[in-house]
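Heads up: the structure comes next, in structure tokens.
The values are calculated or read from the model by the stated rules, or taken from the named source; none is laboratory data. Just so we're clear, the structure is a prediction, and the values are computed from it rather than from any experiment. Neighbour counts run over all protein chains shown; Cβ positions are idealised from the backbone, glycine included.
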């Protein structure tokens with residue numbers, strides 16, 4: 001689907017229910033349906049597939065109009081938003097219709113974030129739901145009860161609140177790269193988007209965020225592969241990314257995921273910056289690949305398995321009452337999650353776990369100020 005290569009399996013595979021089940025787990029069902037329909041393969045319940053594709057593309061058009069409306073509104077108040085993912089990434093695909101998206105993500109930045117909120121609230125007084133204004137990375141608006149149109153206005157694109165040094169490195173990288181955004185045109189309106197260098201790291205970190213939680217789908221890795229494919233002409237891409245990845249303690253993680261992109265998803269090796277060709281990286285990459293297949297998007301199995309090579313999610317739920325019980329739960333989950341992550345990335349897991357006390361102290365000092 002990504003590279004236009006001949007099909008390497010028998011076309012009868014499209015008739016297998018398990019294929020479509022796995023595609024849904026990896027957020028690939030729409031992409032697979034569009035590609036298979038356009039390729040003329042025999043499919044199960046072709047009419048139903050066509051209807052689902054049609055409804056998804058209809059929703060995408062509504063989202064694009066919503067995006068134009070938001071950009072025009074914010075620009076009228078001297079706020080320049082930057083579109084993250086979504087429509088911009090769909091244009092990288094051989095057929096943009098293959099890439100669906102669920103909401104509109106706009107980077108506002110800390111400078112204009114406070115000023116943006118009343119603008120949005122005043123412009124959409126009858127919106128179905130608004131999030132807390134200072135509850136996290138972004139301010140969210142759900143326009144309708146059916147959750148058909150959703151927008152997230154980001155204060156920062158991503159945050160590593162438990163790792164101050166890594167967070168500082170990424171925020172500096174963001175501020176620097178957002179000074180040289182690019183533009184695309186949608187319905188006659190210019191839309192600012194990140195440059196390929198920024199997307200090369202950001203789209204990876206977005207996938208990593210999902211993987212470190214409950215699992216990431218192959219759709220996110222497909223996005224990243226195409227971002228890198230189109231960033232291959234960026235001057236000194238590896239030189240720009242290397243110090244940031246080192247400061248974030250993520251070079252090994254980057255290279256392991258890169259092994260999967262090159263050896264399992266077909267990205268040419270010379271298009272992956274900082275590729276590592278070693279037996280150890282290949283061994284870890286193969287284990288990561290099977291973990292990715294096993295997880296799907298947010299589908300990691302829960303279980304108390306400390307010695308299995310497979311990663312599992314913490315199997316217990318947070319207590320609803322009792323502050324001491326809740327704190328004990330949090331500590332146990334942090335330890336368990338670190339031990340699970342260490343099965344693949346021991347150095348990163350150790351660093352992220354042992355910097356938690358420092359991050360907590362830093363947050364407390366900030367609240368006191």
Problem - Residues of region 141-173 satisfying the condition of being surrounded by fewer than 20 Cβ atoms within 10 Å (Cβ to Cβ) and assigned to a strand (DSSP E or B) - result: 142, 150, 152
Exercise for the section: Tell me, yes or no, whether region 208-217 has at least one residue that is assigned by TED's automatic domain parsing to the domain that holds residue 111, more than 24 Å from residue 63 (Cα to Cα) and assigned to a helix (DSSP H, G or I). Expected result: no
Practice task
Go through the residues of region 58-74 one by one and say whether even a single one is over 20 Å from residue 188 (Cβ atoms) and not in a loop (DSSP other than H, G, I, E, B).
Solution key: yes
Handout entry: Residue check for residue 188: over 30 Å from residue 337 (Cβ atoms) and surrounded by fewer than 16 Cβ atoms within 10 Å (Cβ to Cβ)
Key = yes
Exercise for the section: Looking for whichever is part of a loop (DSSP other than H, G, I, E, B) and farther than 21 Å from residue 200 by Cβ here; the options are 298, 282. Which one fits? Expected result: 298
